[in-house]
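The structure appears right after this line, and notes come after that.
The values are calculated or read from the model by the stated rules, or taken from the named source; none is laboratory data. Predicted, not measured: the structure shown is a model, and the values here were computed from it. Glycine also receives a Cβ, built like all others from the backbone with ideal geometry; neighbour counts cover every protein chain displayed. Remember, those area values only see protein heavy atoms, side chains included, never the ligands or the DNA or RNA. Shrake-Rupley method; radii C 1.70, N 1.55, O 1.52, S 1.80 Å.
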Amino acid sequence: MIRIEIITIFPELLEGPFSHSILKRAQQKGMAEIILHNLRDYSDDKHKRVDDYPFGGGAGMVMMVEPVFNIINHLRSQRQYDDVIYTSPDGELLSQPMANRLSLCSNLIILCGHYKGIDERIREHLVTKEISIGNYVLSGGELAAAVITDAVVRLIPGVLNDETSALSDSFQDGLISPPVFTRPATYNGWPVPPVLLSGNDRLIQQWRLEQSVERTKQRRPELFSDSKQ
Ligand code: SAH
């Protein structure tokens, strides 16, 4: 069971991703609890402000310390958290090993930034981990939080129907997945590889491994050299 609490100024943005398919099922089965908090509810300001002009001038707004301090204090008064994550383009790049590690946590907070970002003092004093989902800039942290949550929750034992399925995904063994096919065996004159129809499990496993190795060498040579170390 993992509990992920997401702090955002746009909770509606995150309602969709968590109410379908595997993430929905994980919550229904009680394996994951995903809770959305609206940061504005924690603003002491009468207009519920959460952002202000940057000191020193310049374009864009900055998310203020106070509401974030209020909510994190409030959440921490109720339970201990393994990490307070801030989604940030300059954070550590999300990877499968990182998702594996996070899936062992019990309680996580994910803070979504907006505008020019968040007051640096939040990062210095309240955040314990910063994660980027790639070397590009999004307009807000919500989609990044959805990506992190999806990558983590599907790893919780029992969430995927086939227990082995997450383990055979790309990156888990330093290799990317082999190609997959389903019926019909020939479509439009395009046949599937005959070995898959052979019924010979040993040959099939061998073929899949060869394909994985070949694809990794071709498409992700850096993974291949990493897995050899
Ligand atoms: N001015 C900042 C970008 C702000 S983008 C900079 O150049 O670093 C607004 C918010 O979107 C950020 O606070 C962060 O929470 C989120 N965000 C943007 N790109 C992201 C990425 N690649 N990974 C994770 N979060 C990201």
Qualifying residue in segment 125-135 (condition: under 23 Å from Ser88 (Cα atoms), away from the ligand (no atom under 14 Å from the Cβ) and β-branched (Val, Ile, Thr)): yes
Any hit, segment 177-186, residues being part of a loop (DSSP other than H, G, I, E, B) and touching a Ser or Thr at 6+ places or on another chain (Cβ under 6 Å): yes
Residues being more than 15 Å from the chain's Cα centre (by Cα) and in contact (Cβ under 8 Å) with a residue 40 or more places away in the chain - total across segment 136-156: 2
From the options Val68, Val84, residue that is in contact with a Ser or Thr (Cβ under 6 Å, 6 or more places away or on another chain) and over 20 Å from Glu15 (Cα atoms): Val84
Of the criteria (1) within 29 Å of Glu214 (Cα to Cα); (2) touching a Pro at 6+ places or on another chain (Cβ under 8 Å), which one Gln172 fails: (2)
Any hit, segment 15-38, residues being farther than 13 Å from Thr149 by Cβ, within 12 Å of the ligand (Cβ to nearest atom), open to solvent by 30 Å² or more (accessible area, probe 1.4 Å) and assigned to a strand (DSSP E or B): no
Unique residue being open to solvent by 20 Å² or more (accessible area, probe 1.4 Å), free of Cβ contacts under 8 Å to residues at least 60 places away in the same chain and more than 20 Å from the chain's Cα centre (by Cα) when the list is Asp173, Asp201: Asp201
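Quick one: is Val180 assigned by TED's automatic domain parsing to the domain that holds Asn107 and either in contact with a helix residue (DSSP H, G or I) (Cβ under 9 Å, 6 or more places away or on another chain) or open to solvent by 40 Å² or more (accessible area, probe 1.4 Å) (or both)?
In short, no.
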Residues that are assigned to a loop (DSSP other than H, G, I, E, B) and open to solvent by less than 10 Å² (accessible area, probe 1.4 Å), drawn from segment 70-112: Cys112
Residues that are open to solvent by 20 Å² or more (accessible area, probe 1.4 Å) and either more than 10 Å from the ligand (Cβ to nearest atom) or touching a helix residue (DSSP H, G or I) at 6+ places or on another chain (Cβ under 6 Å) (or both), drawn from segment 139-151: Asp150, Ala151
Every pair of residues 6+ apart whose Cβ atoms lie under 9 Å, when the first sits in segment 39-63 and is exposed (fewer than 15 other Cβ atoms within 10 Å of the Cβ) and among the aromatic types (Phe, Trp, Tyr) while the second is in a strand (DSSP E or B) and at pLDDT 95 or above: Tyr53/Val62; Phe55/Val62
Flag if Val192 is within 16 Å of the ligand (Cβ to nearest atom) and surrounded by 13 or more Cβ atoms within 10 Å (Cβ to Cβ): no
Pair list, Cβ under 8 Å, 6 or more apart: segment 106-123 residue without any contact (Cβ under 8 Å) to a residue 40 or more places away in the chain, other residue open to solvent by 20 Å² or more (accessible area, probe 1.4 Å) and not in a loop (DSSP other than H, G, I, E, B): Arg123/Glu130
